[in-house]
Amino acid sequence: MKYLLIKIFCLIICFTIVDVHAQQNIVIGKITTSDGKPAAFVNITFKEDKKTVMSREDGSFAISIGRECTCSIVVSFTGLKTQEKKVTIGNGEIAEINFQLEENSMQLNEIIVSTARGMNDRLSSIGKLPVPSRDLPQSIVVIDHAVLEKQQVLTMSEALQNVNGVYIMGTTGGYQEEIAARGYAFNSSNTFKNGIRFNNGIRTEFSSVEKVEILKGGSAILFGNVAAGGILNIVTKKPKFERGGEVSLRTGSYDLYKPSFDIFGAFNKSKWAAYRLNSSYDKAGSFREGVKSERFYINPSFLFKPGKNTELVIEGDYLKDNRTPDFGVGAINYSFVNVPRSRTLNVPGAYLNTEQYTATATATHHLNDKVDLRGIASYQNFYNEMYSAVRPASVSISSDGKWLRGLQKSKTSEAYYFSSLDLTAKIKTGLISHTLFLGADADKYNTQAYTFATYRNNEVAGSNKNVYDSINIFDPSTFNTRNDIPFITAERITTSPVIRYGIYIQDLISVFDNLKVLAGVRYTSQNNHRAIVDTLSKATKGYINAYENDAFSPRFGIVYQPCKTTSVFASYTNTFTVNTGTDVNNQALPPSTIDQYEAGVKNDFFKGALSTNLTFYTIVNSNLAQTALFFTDGTANTNSNIKELSGETTSKGVELDIMTKPVKGFNIIAGYSYNDMRYTEVNNNTVNGNIKGDRLRYNPATTANANVFYNFSNTSLLKGFYIGAGAFYVGNRLAGRNPTNNPGNTNKLMSLPDYTIIDINAGYALNNFAVRFKISNLINKLSYNAHDDNSINPIAPRQFAASFSYKY
């Protein structure tokens, strides 16, 4: 069955290419500015048929002509002088025509910024279709480089302050920002870089980020078995043929020091090969005592154009991140402790060392202005090693603050391989237009997880328990009475290979100009090969049985546009999620299926100056997998890989996104979200049955955001200055552990207080120099992020930052 599907799919691709590419007359060319640099995003129109395309980032374009003719090609853009040229083309021919604008590159950039596309007009790579957001039946938010730069974004949590309904659900150990949306975590299957999954086990480096794209709702048809709620895609900076770059220095509170540079240009002034290289070094302390970090990042990329319609981008990046793990201030009996925000509880010598590197090649061929073929091949390696005190769990600290600190060590190495081939085609069948997207992808994980021996201390209370020392969290004088770093040996290595592949087809059908239907389906197969467990001390091997899951993921949506500025949409998607780990009987867990229903309205007001997105959704997970708390004999479980299917959960909510174009110097980004996620059916056959109607942990009921920036005009005395302010609200969340029906169970939920963070930004630019200032958490609000009840991390207090840059 699988191989038959693959054969049929390959035939579909071949016939589509042949059918669309046959008998095309094509006009190609390039748009440049008066100083010879490429002009991107300029409109090119075939006047006789009123067909319009847009120039690419390198200024090139291709437009198909349906007949032999002497035709008029018109180049236009708001704020530019319109140009028109004649071109003669015969049947099956390719004609070339080029245009040079009167504006130079600096003037063109100013024009493009002042006429920037609205939220619903933008194209995004995450949607994988060359259509504006208004034509898709789901919500897409793009945080572009201008916003990231003005806000001096360093972390994903700062970037997400521009998005409602997508939030940081935890900061485990202070090193990982755990992202979630609509009640579901964005694990490594839901976070992407340039459309390829990447491991988000360490904080994202933003020095290379061009923009952040967020696709809310179902996306299984595009990316496979992702979790519900949405996905996040980081788009990095790409090579350019014009020469330029930037050097900058950022400094701030707690000894932050971050120099960086970004250079780009063509090789020897060529028109076929370009490069880009950006790099940064980051060293900082923390408001948490004894916590520090040091990281180095480099991101080289190359662009090759072997033909007029073909380009190859090769890019890679390397991140080395060394920091102190920090599991927070602790809790007592599921309640917050009254200790200073700065107090840390880790042992001397604790460390977390991470290395991550990727290499990716992306080839794109424009068969004509209707058909694009793209192939990707990528490799990623992630290595992480941690030595730390065990997490200060709520039940392990006594009411008087006494805690017996134990030790833990972990090490993980993950190799990830990915490849895909996609075809996008705009075709017509009679009066009906189609935007067809079909493709296939395959990826492979090879993960090695090291298990270390439990530390034993024979000198504590005459036993050999895992006790490094005894402290009182309320009394710092009891800390660090011991400074040695005991050696902990590795006991076993578990090697887990996972192979996954999928084929998919999707069609956006324009039934009428104002009615569009999106339909498609994906077939995914995931094979967890037999895992090998090497027991190092006894030189023996064990195995975890292989298992395989496959599923079809359909998608259907409809968009009705009663006028050009309004889109009303509804959609349904189905996702399946492979559940890792085993149940309490050491058997593989079946996958969970997820149904998502979404409806909303996208609107543009005041000639596109103001864009809004209102969305309602319901997500039903057939059987949510969670860590099992107890075995069948009542013994507590401490292994997070042993899980159970807890029952059906339902997430319901509403989201409102608001974004403006620059209007008289003002830019506004705002939004609001409400989410309610609960157990709607419980599995009474499990050891730890949850309670129906209980709310799930970590998810704020409400989020809200508002960011306003003002750029002083070029005629003002304050020319070159800008000011901005932002507020981000996170509502009440739950941490701790959900109570269960297990007799004698003492689990409790703990409420995390809501909070509002207010940031202030200001900057000044003169010629190529710029200086920017930022005050974050202006009112010094205190709240916490939590993972379970054993990593209660306070949010950062008021901090100051300044950056200085020179662009050339």
- Query: Would you pick out the residues in segment 730-753 that are closer than 18 Å to SER335 by Cβ and either touching a Ser or Thr at 6+ places or on another chain (Cβ under 7 Å) or surrounded by 19 or more Cβ atoms within 10 Å (Cβ to Cβ) (or both)?
  - Reply: ASN732, ARG733, LEU734, ALA735, GLY736, ARG737, ASN738, ASN747, MET750, LEU752, PRO753
- Message: Can you say whether THR447 is modelled with pLDDT under 95, open to solvent by less than 40 Å² (accessible area, probe 1.4 Å) and polar (S, T, N, Q), as far as the supplied structure shows?
- Response: yes
- Return only the number of the condition from (1) more than 26 Å from the chain's Cα centre (by Cα); (2) at pLDDT below 95 that PHE327 does not satisfy. (1)
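Residues checked against (1) closer than 19 Å to HIS145 by Cα; (2) open to solvent by 10 Å² or more (accessible area, probe 1.4 Å):
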residue: ALA228; (1), (2): no, no
residue: PRO239; (1), (2): yes, yes
residue: GLU242; (1), (2): yes, yes
residue: ASP255; (1), (2): no, yes
- Query: Of all residues in segment 252-280, which are out of contact with any Pro (no Cβ under 9 Å at 6 or more places or on another chain), more than 16 Å from VAL153 (Cα to Cα) and among the basic types (Lys, Arg)?
  - Reply: LYS269, LYS271
- If you scan segment 53-73, which residues turn out to be modelled with pLDDT of 75 or more, under 24 Å from PRO130 (Cα atoms) and open to solvent by 20 Å² or more (accessible area, probe 1.4 Å)? VAL53, MET54
- In the set VAL212, VAL235, the lone residue that is surrounded by fewer than 22 Cβ atoms within 10 Å (Cβ to Cβ) and among the aliphatic types (A, V, I, L, M) is VAL235
- Note on the structure: Taking segment 773-787 and keeping residues under 18 Å from VAL153 (Cα atoms) and open to solvent by 30 Å² or more (accessible area, probe 1.4 Å) leaves PHE773, ILE775, LEU778
- Consider GLU289 against the criteria (1) open to solvent by 50 Å² or more (accessible area, probe 1.4 Å); (2) not small (Gly, Ala, Ser); (3) not in a loop (DSSP other than H, G, I, E, B): it satisfies all of them except one. Which criterion is unmet? (3)
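With the structure loaded, tell me whether TYR672 is closer than 26 Å to ILE143 by Cβ, at pLDDT 90 or above, open to solvent by 30 Å² or more (accessible area, probe 1.4 Å) and not hydrophobic (A, V, I, L, M, F, W, C) or whether it fails that test.
Numbers: closer than 26 Å to ILE143 by Cβ: yes; at pLDDT 90 or above: yes; open to solvent by 30 Å² or more (accessible area, probe 1.4 Å): yes; not hydrophobic (A, V, I, L, M, F, W, C): yes.
Judged against the criteria, TYR672 is a match.
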- Query: For the subset of segment 754-788 comprising residues that are over 26 Å from the mean Cα position of the chain (by Cα) and part of a loop (DSSP other than H, G, I, E, B), which member is modelled with the lowest pLDDT?
  - Reply: ASN767
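From the list GLN161, GLN151, GLN138, which residue is surrounded by 21 or more Cβ atoms within 10 Å (Cβ to Cβ) and touching a helix residue (DSSP H, G or I) at 6+ places or on another chain (Cβ under 8 Å)?
GLN151
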- Taking segment 257-281 and keeping only residues that are open to solvent by 20 Å² or more (accessible area, probe 1.4 Å) and touching a Lys or Arg at 6+ places or on another chain (Cβ under 6 Å), one is left with TYR257, PHE264, TRP272
- Note on the structure: When segment 288-311 is checked residue by residue, the ones that are at pLDDT 95 or above and in contact with a Phe, Trp or Tyr (Cβ under 6 Å, 6 or more places away or on another chain) are PHE296, ILE298, PHE302
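A quick yes/no check of all residues on (1) touching a residue at least 12 places away in the same chain (Cβ under 8 Å); (2) open to solvent by 20 Å² or more (accessible area, probe 1.4 Å); (3) part of a loop (DSSP other than H, G, I, E, B); (4) not hydroxyl-bearing (Ser, Thr, Tyr):
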residue: VAL347; (1), (2), (3), (4): yes, no, yes, yes
residue: ASN353; (1), (2), (3), (4): yes, yes, no, yes
residue: THR358; (1), (2), (3), (4): yes, yes, no, no
residue: PHE382; (1), (2), (3), (4): yes, no, no, yes
residue: ARG391; (1), (2), (3), (4): yes, yes, yes, yes
residue: THR412; (1), (2), (3), (4): yes, yes, no, no
residue: ASP422; (1), (2), (3), (4): yes, no, no, yes
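Taking the condition touching a residue at least 12 places away in the same chain (Cβ under 8 Å), part of a loop (DSSP other than H, G, I, E, B), of a type in the set (S, T, N, Q) and on the phi < 0 side of the Ramachandran plot, does THR454 pass? Walk me through how you get there before you give the answer.
Numbers: touching a residue at least 12 places away in the same chain (Cβ under 8 Å): yes; part of a loop (DSSP other than H, G, I, E, B): yes; of a type in the set (S, T, N, Q): yes; on the phi < 0 side of the Ramachandran plot: yes.
In short, yes.
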- Message: Give all pairs with beta carbons closer than 7 Å in which a residue from segment 307-335 that is closer than 30 Å to ALA274 by Cβ and touching a residue at least 40 places away in the same chain (Cβ under 8 Å) meets a residue that is among the basic types (Lys, Arg) and not in a strand (DSSP E or B); count only pairs at least 6 apart in sequence or on separate chains.
- Response: VAL313/LYS238
- Note on the structure: Scanning segment 450-468 residue by residue, those under 15 Å from ILE397 (Cα atoms) and at pLDDT 90 or above turn out to be VAL467, TYR468
- Hey, GLY720 open to solvent by less than 40 Å² (accessible area, probe 1.4 Å) and over 32 Å from the mean Cα position of the chain (by Cα) or not: yes
- Taking ASN790, is it in contact with a helix residue (DSSP H, G or I) (Cβ under 8 Å, 6 or more places away or on another chain), of a type in the set (S, T, N, Q) and open to solvent by less than 30 Å² (accessible area, probe 1.4 Å)? yes
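For the subset of segment 592-615 comprising residues that are over 30 Å from ASN667 (Cα atoms) and open to solvent by 30 Å² or more (accessible area, probe 1.4 Å), which member is modelled with the highest pLDDT?
TYR597
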- Item | Count of segment 754-769 residues which are under 17 Å from PHE712 (Cβ atoms), open to solvent by 20 Å² or more (accessible area, probe 1.4 Å) and touching a residue at least 12 places away in the same chain (Cβ under 8 Å) | 6
- In segment 722-753, what residues are part of a loop (DSSP other than H, G, I, E, B), within 30 Å of PRO797 (Cα to Cα) and in contact (Cβ under 8 Å) with a residue 40 or more places away in the chain? ARG737, ASN738, LYS748
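Condition test on LYS465, is it in contact with an Asp or Glu (Cβ under 8 Å, 6 or more places away or on another chain) and touching a residue at least 24 places away in the same chain (Cβ under 8 Å)?
Numbers: in contact with an Asp or Glu (Cβ under 8 Å, 6 or more places away or on another chain): no; touching a residue at least 24 places away in the same chain (Cβ under 8 Å): yes.
In short, no.
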- Filter segment 79-93 for residues that are at pLDDT below 80 and closer than 15 Å to ALA62 by Cα; which is most open to solvent (accessible area, probe 1.4 Å)? GLU93
- Where in segment 506-591 are there strands (runs of 3 or more DSSP E), lying wholly inside it, with at least 3 residues that are crowded, with 16+ Cβ neighbours inside 10 Å and either of a type outside the set (Asp, Glu) or in contact (Cβ under 8 Å) with a residue 24 or more places away in the chain (or both)? 515-528, 531-535, 547-563, 566-577
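The values are calculated or read from the model by the stated rules, or taken from the named source; none is laboratory data. Just so we're clear, the structure is a prediction, and the values are computed from it rather than from any experiment. Neighbour counts run over all protein chains shown; Cβ positions are idealised from the backbone, glycine included. In case anyone asks, the SASA skips ligands and DNA or RNA and just uses the protein heavy atoms, side chains included. Shrake-Rupley method; radii C 1.70, N 1.55, O 1.52, S 1.80 Å.
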